[in-house]
Amino acid sequence: RSMRTLMNRVSRGSWAAVLVLTFAPSGVIAQEPVSAATPAPEFQSEFEGLRKEFDQALRAFYQSYSELKTDAERKSLWADPVRNPKLAFAPRFRAFAERAGKHPAAAAAWSWLMQKTEDPQEQAQIVARMLAEFLNAPAIADFAADLPMAEWTLGRPKTVEALRTIRAKSQDSGGRLAAALSLGRLLTAGSHETEKTEGHTLLEEVVRTAPDSPDAQQAT
């Protein structure tokens, strides 16, 4: 789901923070107050500008990558923290998310980092942060939809646990629906019959709850 979709839904939910940190590792990054230097309405445009800058850098990076002749050259370019945009932009997105606080753009930045980082500890911290600060916000729906992509680094147990938390405790109906879909797909792809049965039940729940939605189409 696009981040534009996420931002178009921000008027729907409550932004009350819910502390769901039983799942979190120690040393989770503390929330910093929003900087008075940046008015909250401007965070969205700042995030979009940062993302546009990253997309342009990524296109240039892949162009350079495709022109290299040897595996050694490609490996060196990929590992370069300055020339690889995924590595170079991560600190900027992280700093922006910290500064934006509980603005929806902060959730978009955390979601960006979740998809780009391959550090399981950082991913666990991002999950804890999203559950603590955006559990009841519309932003949690897109986060739940994308969370299964982090399974191979975050680990299956933590991915499943986070989705169960969103489905059970979020006050945002879109978030609960997205979590049910993601969890259903994840469990039906498992190797245990019990999980497969539960996953199938969750997919049926999605279809029954919102039969005309894109989520229901995917569940079907």
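The values are calculated or read from the model by the stated rules, or taken from the named source; none is laboratory data. Note that the structure is predicted; figures quoted are calculated from it, not measured. FYI the Cβ positions are ideal-geometry reconstructions off the backbone, even for glycines, and counts take in every protein chain you see. The protein model used for the area step is the full one, side chains on, heavy atoms only, and it has no ligands, DNA or RNA in it. Shrake-Rupley method; radii C 1.70, N 1.55, O 1.52, S 1.80 Å.
For segment 75-220, calculate the relative contact order in percent as a whole number, restricting contacts to Cα pairs under 8 Å that are 6 or more residues apart. That works out to 15 percent.
Dipole check for segment 104-220: with +1 at the C-beta of Lys and Arg, -1 at the C-beta of Asp and Glu, and the Cα centre as origin, the magnitude is about 160 Debye.
Amide H contacts of SER213 (H built 1.01 Å from N, in plane; Pro and chain starts excluded): no residue 5 or more places away or on another chain comes under 5 Å. Potential lengthening of the chain between SER191 and LEU58 amounts to 44.2 nm, from the contour at 0.36 nm per residue minus the alpha-carbon distance. Spacing of the modelled spin labels on GLU204 and THR153, each 7 Å from Cα toward Cβ, amounts to 3.7 nm.
Surface exposure of segment 52-171, expressed per residue as accessible area with a 1.4 Å probe, stands at 45 Å².
Other residues within the sphere of radius under 15 Å centred on the Cβ of LEU154, judged by their own Cβ, net out at -1 (K and R +1, D and E -1).
Rounded to a whole number, what % of the accessible area of segment 101-201 do carbon and sulfur atoms account for, probe 1.4 Å? Kindly include the intermediate steps, with their values, before the conclusion.
Details: 1830 of 3680 Å².
The value for segment 101-201 is 50 percent carbon and sulfur by accessible area.
From the cross-link list LYS158/LYS196; LYS169/LYS196; LYS52/LYS86; LYS52/LYS75, which pairs have alpha carbons spaced over 21 Å apart?
The answer is LYS169/LYS196; LYS52/LYS75.
Residues of segment 155-173 falling in the label zone of GLU118, defined by backbone nitrogen less than 16 Å from a point 7 Å along Cα to beta-carbon, are 155.
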